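The values are calculated or read from the model by the stated rules, or taken from the named source; none is laboratory data. Owing to the predicted nature of the structure, the values given are computational and were not obtained by experimental measurement. Because the Cβ atoms are built from the backbone with ideal geometry, glycine has one as well, and the counts that use them run over all protein chains shown.
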Amino acid sequence: MSEGMRPVLDLSANLETFFHDVVDDAMRKKHVEATEAAEYYLVSLLTDYARPDARSCEALERPLTLLLDEALRAPGQERFERLRVLGDGVLYVSGFFAPHLETRGVEVRYVTSLGARAYDNAGRMLRGASGDAAPDLFFELAENFERFADLLNSVAEKLSLAAAPSSTAVLKLYERWLKTGSQELGSELMERGVLPTRGAGGLH
């Protein structure tokens with residue numbers, strides 16, 4: 001290596017490896033089955049949203065019904081790309097910001113139905129262009145949209161807990177467990193040496 005040159009880190013590869021491990025772990029814990037193509041797609045989505053571009057942020061900033069209408073009216077390849085990006089955006093928002101949507105009074109199931117519709121239409125476009133040779137990836141994403149959003153929610157919780165101080169992380173886990181009764185969250189608490197109980201006893 002010449003003097004003054006520094007090694008270049010492939011941040012994309014590092015992020016992809018990181019998210020692959022996190023998604024794979026979440027799929028095992030939640031017993032979510034998916035094709036290899038779908039799992040890779042979810043990993044790529046998380047990698048992309050670690051450094052989102054302007055279009056990727058639209059699902060966070062503009063009305064989803066308007067975005068879907070614009071996508072369906074767009075011509076040719078642009079229509080497919082808009083549908084794909086919209087599906088990605090809704091999946092990410094549904095997974096990472098579901099509690100925020102709920103506190104704003106937004107029906108999460110309605111939001112996920114829009115994302116599923118975007119993916120379904122993208123899949124139909126591919127099948128129309130390629131016939132039976134088209135992959136079923138977007139149909140798989142559409143049919144399992146809520147399950148995949150729930151999976152990303154688990155990923156978001158894990159990342160949030162990992163970034164929080166130990167005592168804060170345990171408290172967040174306990175509050176989520178009280179709200180959902182999730183066996184997965186209960187197991188996480190027990191792994192941290194806490195026996196989750198309801199009632200006046202609190203944490204043990």
Test residue 148 against the criterion of being at pLDDT below 95, surrounded by 19 or more Cβ atoms within 10 Å (Cβ to Cβ) and under 19 Å from residue 20 (Cα atoms), and give yes or no. no
Touching a Lys or Arg at 6+ places or on another chain (Cβ under 8 Å) and without any contact (Cβ under 8 Å) to a residue 24 or more places away in the chain, is that true of residue 78? no
Unique residue being at pLDDT below 75 and surrounded by 11 or more Cβ atoms within 10 Å (Cβ to Cβ) when the list is 102, 3, 70, 81: 102
Modelled with pLDDT under 90 and of a type in the set (Val, Ile, Thr): does that describe residue 93? no
